[in-house]
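S.K.: Input: one structure, supplied below.
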Amino acid sequence: MHIRRPGNLMYVSFNASYPWDNRVMLNADLTPRIILCTLNAKYIHASLGLRYLLANMARHGGDDLRAQTVLSEFTIARAPQDVVDALLAQLGECENTQVIGFGVYIWNLTQTTEVVRLLKLARPNIKIVLGGPEVSHEWETQEIVKLADHLITGWGDVSFPKLCCALIHGPQPLMKVITGEQPPFDDIVMPYAEYSDTDLAHRLLYVEASRGCPFKCEFCLSSLDKTARAFDLDRFLAELEMLYQRGARNFKFVDRTFNLKIDASIRVLQFFLDRLTDDLFLHFEVVPDHLPDRLKDMIARFPPGVLQLEIGIQSFNPIVQHTISRRQDNAKTAANLDWLVRESHAHLHTDLIFGLPGETLASFAEGFDRLHAIGPHEIQLGILKRLRGTPIARHSAEFGMVYDQEAPYLVQQTGAVDTPTMQRFTRLARYWDLIANSGRFKQSLARLMQGPSPFMAFWNFSDWLWQRSEKTSGLTPEMLLDALFDYLTGERKADIESTRQILLADYLASGARSNPKCLQGLLGERGAPERRAASALALRQARHSESTSSAG
């Protein structure tokens, strides 16, 4: 831990890997009474939920509590004992009541449970408060809930400050489990001023114009929402302007249905269109079958490299869609995707889920082939999870659904897909991300997936690659390139020289600078890789775009 004291402010920095990580600010004369903490999946992620709690401490807990509240973020890569040591160092020795609030999610449950256990062993008098989607449902048997002092289920913007006020000032709360209060949106202080300058410079900024979802897809926690509710748009755009003026250029909208209300969507897009810069990046999750012409016209005005659209297809199987209460017009979805590919510069990140009730390998392959033919830049292959509280559980008996009992609760088998097939798909999804979604192997991938079913072509390659390597990690681009060469020229009997030329073109376009075995004698002297200022995300998108015809 490093502490600097400019004037009367104290800045605390944890995590030697990132000297700007986990910085918090408070009056140097105060020992914090409240720490807001979570373990993010990666450093680049910045917790929006914790910043909401921090922003609302004064309104709902009092100015004194806001002045004594700090924010500490870590990553799941940190050892739990290191996290505990850092938190205790922040709290110091204090006889007064101190509170640590943890945001608990599916990706950090295991590590956070261990942190809470160690904290209670080291300092039993610290009040531990939990919140977040992973502990808001089916919490009765969860070990982390048993270890904690209090749990707030659902919304915490108002309930957490009120609970802290009761813990510190009294009267003491009588209930361990508190149902979060859902206040009017006007009563919620927006969190965006809580992003630090280093957040703006180095991390994704999560923002939301609305909360909730009107759809009822049973695998998703948003199916429990009654509807989607929007923040006042003028107020929200004023917050975006503040962030933009501070230098923010990287915005990830967490709205589940950004294009639900077209008038609002167009105003948000126009806001950014009026402020275009070379380094602007916007991510939106959109409903695939709801893309009216005036929204298309707006999307088409953005240049390459700015818009990324996450589009959840999940399944093209109408029977499966009906089973899981998913409303989706497949014809409109396909037509809208086709338009986005041909007429816009948006980077399309599409999603499919394997293991849904009633989905067979053959029907999934058919849906994949339909999506692949449209040509989105990326197809994310996910495996069904039984998130706590989701209605998907009602199908377990009828459809033979068996899930892992530990997070992330992946489906292990279904009545239509046995365990070995599920394991084969898991490997395929990893190889697909390394080869297809990376954008490094555009021409090679097209050659690999020739045949009546592109999915089954990749399925066969995946099985072959697993038998050859027996691993799904630690595979370098050079190892994958050599594997593609051996498979195409060996198993598929492709012409050796034409295959080498295709692999050479892909390798040079990817910017890699090593010497794969299959390209020996074709690369010449290879210097050190050139340094690029662009982000890894921008480079990944560029690889997909370089070999794609420009949209007109």
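S.K.: If I ask for residues that are within 16 Å of T414 (Cα to Cα) and not in a loop (DSSP other than H, G, I, E, B), which ones from region 322-368 would you list?
M.R.: Of region 322-368, the ones within 16 Å of T414 (Cα to Cα) are 323-324, 353-364.
Those that are within 16 Å of T414 (Cα to Cα) and not in a loop (DSSP other than H, G, I, E, B): T323, I353, F354, L361, A362, S363, F364.
S.K.: So which of E343, E310, E359, E366 is among the acidic types (D, E) and buried (at least 22 other Cβ atoms within 10 Å of the Cβ)? So that I can check it myself, show each step before the final result.
M.R.: On the way: E343 fails: buried (at least 22 other Cβ atoms within 10 Å of the Cβ); E310 fails: buried (at least 22 other Cβ atoms within 10 Å of the Cβ); E366 fails: buried (at least 22 other Cβ atoms within 10 Å of the Cβ).
Being among the acidic types (D, E) and buried (at least 22 other Cβ atoms within 10 Å of the Cβ) holds for just one of E343, E310, E359, E366, which is E359.
S.K.: Name the single residue, out of those in region 247-263 being surrounded by fewer than 20 Cβ atoms within 10 Å (Cβ to Cβ) and out of contact with any Phe, Trp or Tyr (no Cβ under 9 Å at 6 or more places or on another chain), that is farthest from F219 (Cα to Cα).
M.R.: Looking at the filtered set, the residue picked out is G247.
S.K.: Could you tell me which of the residues V115, V158 is more than 18 Å from E194 (Cβ to Cβ), crowded, with 18+ Cβ neighbours inside 10 Å and touching a residue at least 24 places away in the same chain (Cβ under 8 Å)?
M.R.: Answer to the check: V115.
S.K.: Another question, then. For region 258-265, check the following and say yes or no: at least one residue is closer than 15 Å to V287 by Cβ, in a helix (DSSP H, G or I), of a type in the set (S, T, N, Q) and assigned by TED's automatic domain parsing to the domain that holds L307.
M.R.: Within region 258-265 (the criterion being closer than 15 Å to V287 by Cβ, in a helix (DSSP H, G or I), of a type in the set (S, T, N, Q) and assigned by TED's automatic domain parsing to the domain that holds L307), the answer is yes, since at least one residue qualifies.
S.K.: Also, quick follow-up: Return yes when Y43 is out of contact with any Pro (no Cβ under 9 Å at 6 or more places or on another chain) and modelled with pLDDT under 75 and no when it is not. Let's see the steps before the verdict.
M.R.: On the way: out of contact with any Pro (no Cβ under 9 Å at 6 or more places or on another chain): yes; modelled with pLDDT under 75: no.
In short, no.
S.K.: Now for a separate question. Go through the residues of region 71-86 one by one and say whether even a single one is buried (at least 22 other Cβ atoms within 10 Å of the Cβ), in a helix (DSSP H, G or I) and in contact (Cβ under 8 Å) with a residue 40 or more places away in the chain.
M.R.: Yes, region 71-86 contains at least one residue that is buried (at least 22 other Cβ atoms within 10 Å of the Cβ), in a helix (DSSP H, G or I) and in contact (Cβ under 8 Å) with a residue 40 or more places away in the chain.
The values are calculated or read from the model by the stated rules, or taken from the named source; none is laboratory data. The model shown is predicted, which means the values in this text are computed figures rather than measured ones. Cβ atoms come from the backbone with ideal geometry, glycine included; neighbour counts cover every protein chain shown.
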